[in-house]
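This report refers to the structure that appears directly beneath it.
The values are calculated or read from the model by the stated rules, or taken from the named source; none is laboratory data. On a predicted model such as this, the values are computed, not experimentally measured, just so you know. Positions of Cβ are generated from backbone atoms using ideal geometry, with glycine treated the same way; all protein chains shown enter the neighbour counts.
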Amino acid sequence: MKTFTAFWNILKKDFKTYYLKPPNISWGIIFPLAWTGMFFIKSGNNIESVQSILPGVVALSILFGTTSLLSVTVTFEKKNRSFDRLLLAPIPLEVLMLAKTSGAIIFGIINSFVPIIMAAFFIDMSHVAWFVFIPAVILIAVVSTFLGLFIAVAVNEVFEAQTFSNFFRFPMIFLCGLFFPISSLPFFLKPISYLLPLTYGADMLHGAILGKNSISVGINIIVLLFFCTLLFFLSLRNVRKKWIL
Amino acid sequence: MKNGKHTAIKVRKITKSFDQVKAVNGIDFDVYTGELFGFLGPNGAGKTTTINMLTGLARPDSGNIYVNDIDCIRNPKTVQHLIGIVPDDSNLYPELSGFQNLCFCASLYGIKKIEREVRARELLEIFDLVKAADRKFGGYSKGMKRKLTIAAGIIHHPSILFLDEPTTGIDVMSARQLRLIISELHKKGTTIFLTTHYIEEAERLCDRIAFIVSGKIIRIDSVPNLIQPIKSRHTLKIICAPGITKLKKAMEDNFPSMKIIIQEEGVLRIEASKPIPVGPLIRFLEDRHIDVFEALRIKPSLEEVFVDITGIKIDSMKNEKEKSGGTS
């Protein structure tokens, strides 16, 4: 119960201090809006193209929304030493890091619904397999958040976290099958695609929205869970090694 | 347990290195329950590194630490329930108000909402921060920030409190108020581990003091015991015009029972085992055309002991600390 009180209050504090701030709320709305608009225009104002770009836009909205915020909630707090206060509290490190990342996960999930709500005005969404879509969104939000956490604890400065994030994020746009099928990539890039977690999340979204997935849902879920666990425990190891000197 | 006293903190041969530098080099000490223990040393002596190891924010390379008989290295989270920590930097959340900061810190110890709000209001009252309760922490003055940081450190009624340089960089009034609060906590039975570079503060507050220099503890004892050897020493400080360096030998010949130390050009320190006659000394200097401006009797103090033992100049220690922004 005591641990839950601490967990809940860290999450609540982060929402109040970071996620519910106007710049972050507007980021959560404007970013998916810009992506959708950009791809819509690129496809020659074809309404039907909205459906084909939707999985990619949803995945990108989550990826950018979650990874951007971890550099603030973790790296910035470490830099100004308020994170030390959390490390000195009698909360298991695993719970502390889950509390610090839960806000970003929720923020990522909320972000994913912005393009969905927008698309609902243009296309028929009745065919979407929500029972696959919802787990896909949650898993992408978790894996992206833990990727952001891994980056946030690997660096010392906020700008380093942002730069390092981009090093992962931008190649993922092209390599994870968000907008271009992996099969159309040069042969030497294909193995890299399968090493990136977003590939599996995007595949689930393609299956849920377009009914076109190349990997079975079960395998996608297992691989995503594997990436979540790996990234979370690597981050914990880095915190223990770098921050508890 | 030693001499009927229960040991709150037991440290044995802990070492800690950063790259090639040994920050803490095999130190041993005990802090007894209810004691106010001072850790005194210059900047970079290893004070903050020691506190970090005692509180679970750093792991020693070797050695053992026990807090209330709990192995702090193996079970830091169990220990963190019992201790309160006030770091050298006021690291609360600038975006939250004073009241919100205290409530948030209480929640980290699992304290329920009603209890934490009552406790936060109680502490705001004690620390004279009621009027600033709803103001953002980021807008507080340095003294107010220190007070709220200490309040956050004791929000969960810890039995052991670690205070890292609590009065560094704050105004005289706030420092005085903080010392009173620390004394009150001590009277109520809280075990306090205090690091400071202010010798007068350590002398005034602490039951026992450890001198730490370059990662090693040079001496641990109670204030009366530390001062005892120099109690019978008589010291005089003479401030005069420049030109005394060349007279040192002549002075030593004229006053063989006195130890003549030239602290700097124009500042003489004279030590003797008997009361020092001022007249002959002043006449000696004036006869040699050295104007004397001031002659001060120096009372035996912890500062004298510290200088004797460590050879560190107190003024340089203070200046170094203020320049560094108050971190050790």
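Annotations
- Some residue of segment B:159-182 being closer than 20 Å to B:Val307 by Cβ and part of a strand (DSSP E or B): no
- Residue within segment B:143-164 that is β-branched (Val, Ile, Thr), in contact with a Pro (Cβ under 9 Å, 6 or more places away or on another chain) and within 26 Å of B:Tyr32 (Cα to Cα) present: yes
- Looking at A:Ile110, A:Ile134, A:Ile123, A:Ile117, just one residue is assigned to a helix (DSSP H, G or I), surrounded by fewer than 20 Cβ atoms within 10 Å (Cβ to Cβ) and in contact (Cβ under 8 Å) with a residue 60 or more places away in the chain, and that residue is A:Ile110.
Residue-by-condition table, conditions (1) modelled with pLDDT of 80 or more; (2) over 19 Å from B:Phe211 (Cβ atoms); (3) surrounded by 14 or more Cβ atoms within 10 Å (Cβ to Cβ):
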{"residue": "B:Ala272", "(1), (2), (3)": "yes, yes, yes"}
{"residue": "B:Pro275", "(1), (2), (3)": "yes, yes, no"}
{"residue": "B:Leu285", "(1), (2), (3)": "yes, yes, yes"}
{"residue": "B:Arg297", "(1), (2), (3)": "yes, yes, no"}
{"residue": "B:Gly311", "(1), (2), (3)": "no, no, no"}
{"residue": "B:Met317", "(1), (2), (3)": "no, no, yes"}
{"residue": "B:Gly325", "(1), (2), (3)": "no, yes, no"}
{"residue": "B:Ser328", "(1), (2), (3)": "no, no, yes"}
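- From A:Leu96, A:Leu33, residue being facing chain B (nearest Cβ under 10 Å), among the hydrophobic types (A, V, I, L, M, F, W, C) and assigned to a helix (DSSP H, G or I): A:Leu96
- Consider segment A:1-29 and keep the residues that are of a type in the set (Ser, Thr, Tyr) and touching a residue at least 24 places away in the same chain (Cβ under 8 Å). The one that is farthest from the other protein chains (Cβ to nearest Cβ) is A:Tyr19.
- Residue match in segment B:91-102 (condition: farther than 20 Å from A:Glu77 by Cα, of a type outside the set (S, T, N, Q), buried (at least 17 other Cβ atoms within 10 Å of the Cβ) and more than 10 Å from chain A (Cβ to nearest Cβ)): no
- From A:Pro181, A:Pro171, residue being under 15 Å from the mean Cα position of the chain (by Cα) and either in contact (Cβ under 8 Å) with a residue 40 or more places away in the chain or closer than 24 Å to A:Met38 by Cα (or both): A:Pro171
- Residue in segment B:52-67 that is acidic (Asp, Glu), without any contact (Cβ under 8 Å) to a residue 40 or more places away in the chain and either outside the structural domain of B:Ala202 (by TED's automatic domain parsing) or surrounded by fewer than 23 Cβ atoms within 10 Å (Cβ to Cβ) (or both) present: no
- Evaluated against (1) in a helix (DSSP H, G or I); (2) within 14 Å of chain B (Cβ to nearest Cβ); (3) β-branched (Val, Ile, Thr), A:Ile91 falls short on exactly one condition, (1).
- Residue ID - farthest from the other protein chains (Cβ to nearest Cβ), chosen from residues in segment B:49-88 that are small (Gly, Ala, Ser) and within 23 Å of the chain's Cα centre (by Cα): B:Gly84
- Filter result (in contact (Cβ under 8 Å) with a residue 24 or more places away in the chain and aromatic (Phe, Trp, Tyr)) within segment A:154-168: A:Phe168
- The condition (being more than 17 Å from B:Lys47 (Cβ to Cβ) and not charged (D, E, K, R)) is satisfied by just one residue among B:Leu185, B:Leu194: B:Leu185.
Conditions (1) within 17 Å of A:Phe83 (Cα to Cα); (2) of a type in the set (Val, Ile, Thr), marked per residue:
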position	(1), (2)
B:Pro76	yes, no
B:Ile83	no, yes
B:Leu96	yes, no
B:Glu117	no, no
B:Thr149	yes, yes
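- A:Ser68 at pLDDT below 75 and away from every other protein chain (no Cβ under 14 Å): no
- The condition of being under 25 Å from B:Lys10 (Cα atoms), of a type outside the set (Gly, Ala, Ser) and crowded, with 18+ Cβ neighbours inside 10 Å does not hold for B:Leu178.
- Among the residues of segment B:111-125, none qualifies, meaning not one is of a type in the set (Gly, Ala, Ser), in contact with a Ser or Thr (Cβ under 7 Å, 6 or more places away or on another chain) and either surrounded by 20 or more Cβ atoms within 10 Å (Cβ to Cβ) or not in a helix (DSSP H, G or I) (or both).
- Single unsatisfied condition, B:Asp19 versus (1) touching an Asp or Glu at 6+ places or on another chain (Cβ under 9 Å); (2) free of Cβ contacts under 8 Å to residues at least 60 places away in the same chain; (3) within 14 Å of chain A (Cβ to nearest Cβ): (1)
- Tally, over segment A:69-88, of residues that are of a type in the set (Lys, Arg), surrounded by fewer than 20 Cβ atoms within 10 Å (Cβ to Cβ) and in a helix (DSSP H, G or I): 1
- The set of residues in segment B:106-144 being touching a residue at least 12 places away in the same chain (Cβ under 8 Å), within 14 Å of chain A (Cβ to nearest Cβ) and small (Gly, Ala, Ser) consists of B:Ala106, B:Ala120, B:Gly138.
- Extreme residue, nearest to B:Phe193 (Cα to Cα), among residues of segment B:126-158 that are β-branched (Val, Ile, Thr) and part of a loop (DSSP other than H, G, I, E, B): B:Ile154
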